[in-house]
Amino acid sequence: MYKGLSKKDARIAKHYESITDKKIKEEQRWAEENGLVVKGPIGISQAVATLKDRRKRMVSMRLDPENIEGMKERARVEGVPYQTLINSVLHRFLNGDLVSKDSLKTAV
């Protein structure tokens, strides 16, 4: 029945075959409330895919063991997960809110 469609598109088509107009409107309203542009049923799946792209992504990187342990200890003291703390430090650095001690000394 869904020849020529990818598994994802077949799943979407199957979903929209059985969905009510009320449910479609609810999904469109949800997407619009979340800042997504929606044009028709397939537009909803594209909007959801866009939203998923905004989520955090898993990365793999090599870090010095003492840095990992230091972040874990600091996170424990702060009461947050260590990966959340690492993300926060990176975010603050990229936004210029995190500076080195040396740059603070020269600013005074």
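The values are calculated or read from the model by the stated rules, or taken from the named source; none is laboratory data. Because the structure is a prediction, the values reported are computed rather than measured.
A few notes on this one:
- Members of the stretch 54-85 found to be in a helix (DSSP H, G or I), among the β-branched types (Val, Ile, Thr) and under 27 Å from residue 34 (Cα atoms), listed by number: 84
Results for (1) at pLDDT 75 or above; (2) within 23 Å of the chain's Cα centre (by Cα); (3) not acidic (Asp, Glu), shown as yes or no for each residue.
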{"residue": "9", "(1), (2), (3)": "no, yes, no"}
{"residue": "19", "(1), (2), (3)": "no, no, yes"}
{"residue": "38", "(1), (2), (3)": "no, yes, yes"}
{"residue": "42", "(1), (2), (3)": "no, yes, yes"}
{"residue": "46", "(1), (2), (3)": "no, yes, yes"}
{"residue": "52", "(1), (2), (3)": "no, yes, yes"}
{"residue": "61", "(1), (2), (3)": "yes, yes, yes"}
{"residue": "72", "(1), (2), (3)": "yes, yes, yes"}
{"residue": "83", "(1), (2), (3)": "yes, yes, yes"}
